[in-house]
Amino acid sequence: MINFEIISDEKYNILSWNPVHKILKTEWNTPIDMDEELYRSVVLEHLNTTKKYAPTRMLVDTQNAYYNVVPETQDWINQKFVKIVEEIKLEKMAWIVSEDFFAQVSFDQVMDDASEASPFQMKHFTNSQEALEWLLIE
């Protein structure tokens, strides 16, 4: 198992970094009744951290992400995320999926749009061990 250093531990997400493999790990903890503007501010902080650390691989844990992202916010995230991904040259993104179907659908829509616009590999998993193993394959 590889080690991660926690770089941000907030109410709605925990960000961890592994400098050896350049993996940014995000654990989302968004409630279903989250305020839209608050959600956008949390996402913006996440995007700024992503740009700062410039990972080549990302591990996104959405098992506790229950907020259903509205279409306007999905588009807003896509516009910002695609630019950052191209800039940092992201290679792989592994998703650990949420059990909440509707939240997962909204996360998937955001990422499907982003991955269409950028040439990185993306795959879904049900546990972090399998996701990490896949991320570490060159």
Whichever residue in segment 46-79 is free of Cβ contacts under 8 Å to residues at least 60 places away in the same chain and among the charged types (D, E, K, R) and, among such residues, is surrounded by the fewest Cβ atoms within 10 Å (Cβ to Cβ): Glu72
Residue hits (segment 15-39; without any contact (Cβ under 8 Å) to a residue 40 or more places away in the chain and over 19 Å from Val69 (Cα atoms)) are Leu15, Ser16, Trp17, Asn18, Pro19, Val20, Lys22, Leu24, Lys25
If you check Asn18, Asn3, which single one turns out to be polar (S, T, N, Q) and in contact with an Asp or Glu (Cβ under 8 Å, 6 or more places away or on another chain)? Asn18
Segment 51-94, residues that are of a type in the set (Phe, Trp, Tyr), within 25 Å of Asp35 (Cα to Cα) and part of a helix (DSSP H, G or I): Trp76, Phe81
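Here, each number is a calculation from the coordinates, and none is a lab measurement. Source: prediction; values computed, not measured. A quick note on method: Cβ atoms are made from the backbone with ideal geometry, for glycine too, and the neighbour counts reach across all protein chains shown.
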